[in-house]
Amino acid sequence: MRPEEGNGSGVLTEICFVWPIAAGKEEEWRRALQELEGSRSADFGRMRSRLGIDAVGVWLQRTRRGDLAVVRMELDDPLEAVSMLAGSEEGFERWLKRKIGEFHGVDVARAGTKAAPELVFRAGS
């Protein structure tokens, strides 16, 4: 993430993160992502708009230690988006937070400022 961008400046911030996929949950995880493109796409679109999320990409990375979800997002303000999602009681957001916990072991409601990455190395511009 580039902290000098985003935050309502009109320039989107790009973030990437990796979450492990719980053993035996890959097919269910895939079905949930298909729901985001299908039956839940309108709800997902409304949530993205509300949270300032412009684009989302999700990849499956297989490793010897297990499968990983690699997520890339373009959004206005990552910390604000996490905070808004964490505090949301909307039906779709509750479903999404439950699925994230089930598939990745992440409690979004407790993420808060712990979601802020720490830049430890940078090369180039």
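For region 48-57, indicate whether the set of residues that are buried (at least 16 other Cβ atoms within 10 Å of the Cβ), in a helix (DSSP H, G or I), within 12 Å of the chain's Cα centre (by Cα) and hydrophobic (A, V, I, L, M, F, W, C) is non-empty. Taking every residue of region 48-57 in turn, at least one turns out to be buried (at least 16 other Cβ atoms within 10 Å of the Cβ), in a helix (DSSP H, G or I), within 12 Å of the chain's Cα centre (by Cα) and hydrophobic (A, V, I, L, M, F, W, C). For region 18-58, give me the residue count where each residue is in contact (Cβ under 8 Å) with a residue 60 or more places away in the chain and in contact with a strand residue (DSSP E or B) (Cβ under 8 Å, 6 or more places away or on another chain). Total satisfying the criteria: 4. Only one entry in A69, A111, A123, A86 is within 11 Å of the chain's Cα centre (by Cα), small (G, A, S) and closer than 28 Å to V11 by Cβ, namely A69. Please specify each residue of region 89-107 satisfying the condition of being of a type in the set (F, W, Y) and either outside any helix (DSSP H, G or I) or under 21 Å from L12 (Cβ atoms) (or both). None; the set is empty. Taken together, the residues in region 75-125 that are more than 13 Å from L51 (Cβ to Cβ), among the aromatic types (F, W, Y) and surrounded by 13 or more Cβ atoms within 10 Å (Cβ to Cβ) amount to 2. Set side by side, the residues D77, D43, D54 differ, and just one is under 26 Å from S125 (Cα atoms), out of contact with any Asp or Glu (no Cβ under 8 Å at 6 or more places or on another chain) and not basic (K, R), which is D77.
Each value in this text was obtained by applying a stated rule to the coordinates, not by laboratory testing. Values in this document were obtained by computation on a predicted structure and should not be read as measured data. Note: ideal-geometry Cβ built from the backbone for every residue, glycine included; neighbour counts use all protein chains shown.
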